[in-house]
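Have a look at the structure below before the remarks.
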Amino acid sequence: MAPVGPAVGAVLVGPLGDRRIPDGTVGDGAIGGRTGSVGAVLRVLVLNSGHEPLTVITGRRAVVLLMAGKAECVVEREDQTVIRSPSTVGVVPSVVRLHRYVPLPPPSTGPVTRLGILRRDGRRCAYCGASGETVDHVVPRSRGGSHSWENCVACCLRCNRRKADRLLAELGWTLPFVPGPPGRRVRSGWIGQERDPAWEPWLAPVA
């Protein structure tokens, strides 16, 4: 289970009208705002009730979920951005957690690709943590290693050249995680370039 950040107390002021859409969730219409407003631009990470990363939504949508009692704030946004309407004031969070578990079908494992490995590992070298531009086979293919999710990691050019066709034990290196198929969030690509540093505890590579 991922670490839980400090819980935030009451971040909302004002009443919430009973404005619901057919699926029973509270729609963005409960909070005023023009298209392109700060609430529509800011992004918030949503965790399932078990703290697994689920999706990314707009700041306005996150405030609505909090206001409806469907989620709780896990990490505050440092800049304390506020969304206002004639009757409510909402502080946009950085990470929220749903109170109710949302079941998801198990993701299917796609083909092993360079881009897939880099995305899974956050484009960070598995050996030194520097920017990872290449892919390395933990057990070199020349020594029987497979081209699989379990045997491929992101790697920087320096570590790739130094490791060459040697085993980790021969170098005294270790991996900080067990490589495996990427999670749903990486394969679907919904994190993209909007990644917030506050999300990192929940976006670490999945074993």
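Read-outs throughout are calculated quantities, based only on the coordinates presented, and are distinct from any laboratory measurement. Since the model is a prediction, treat every value here as computed from it, not as a measurement. Every residue, glycine as well, gets a Cβ built from its backbone with ideal geometry; the counts of neighbours run over all protein chains shown.
Assuming R0 = 35 Å, what is the FRET efficiency of residue 164 and residue 115, from their Cβ-Cβ distance, to the nearest 0.05?
0.90
Round to the nearest 0.05 the FRET efficiency obtained for residue 123 and residue 174 when R0 = 25 Å and r is the Cβ-Cβ distance.
Efficiency, rounded to the nearest 0.05: 0.75.
Work out the FRET efficiency for residue 200 and residue 101 from their Cβ-Cβ distance, taking R0 = 35 Å, and round it to the nearest 0.05.
E(calc), rounded to 0.05, equals 0.90.
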